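Only one structure is covered here, and it is reproduced in the block below.
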Amino acid sequence: MTAIAWTLVALGVLALVLTQVRLRRYRAQRGMPDIAPWILNVHSVAGGAGLLLVVLRLLDIVSSGTAMWLAIVGLAIASLIGLSFLARWRRPSGRHAEHLRGDGWTNGPWLSQIAHFGMLIGTVFLAWGMLSGRF
């Protein structure tokens, strides 16, 4: 069970880092939603703090209930902000709408969708594991 938690933490860190890289790299390009830098920072800080508290819990350094709830809230905030990024990033459908050009990673947001829906599922799993005392 703990191995799954460590894997989810690693995937969460990967999702946070790649979200930062991708949104900053393609900022102000046509076809990419304009996301304020402060909300991107809130996403990263909340997710990073939540993941750090989960790591401290997995290492048995911190076991307080307050830290556990802060971790759950931080991960939930990061998941919801990430999903709101994806809600804004839809394929343009108007006659004059342009698709993002030069997106060397993927065609569209499918990789980010997998990462953020996975983060949401991971948040639920980690919350369940911490609240039930499984890890």
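The values are calculated or read from the model by the stated rules, or taken from the named source; none is laboratory data. Note that this is a predicted model, so its numbers are computed, not measured. No Cβ is skipped: glycine too gets one built from the backbone with ideal geometry, and neighbour counts run over all protein chains shown.
What the table shows:
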quantity: Restricting segment 93-119 to residues that are crowded, with 16+ Cβ neighbours inside 10 Å and part of a loop (DSSP other than H, G, I, E, B), the residue that is modelled with the highest pLDDT; calculated: P109
quantity: Identity of the residue in segment 47-92, more than 17 Å from L23 (Cα to Cα) and hydroxyl-bearing (S, T, Y), that ends up surrounded by the fewest Cβ atoms within 10 Å (Cβ to Cβ); calculated: T66
quantity: Filter pass, W128 being modelled with pLDDT of 90 or more, surrounded by fewer than 12 Cβ atoms within 10 Å (Cβ to Cβ) and assigned to a helix (DSSP H, G or I); calculated: yes
quantity: Subset of segment 54-69 (residues that are farther than 12 Å from A127 by Cβ and either hydrophobic (A, V, I, L, M, F, W, C) or touching a residue at least 12 places away in the same chain (Cβ under 8 Å) (or both)); calculated: V55, L56, L58, L59, I61, V62, A67
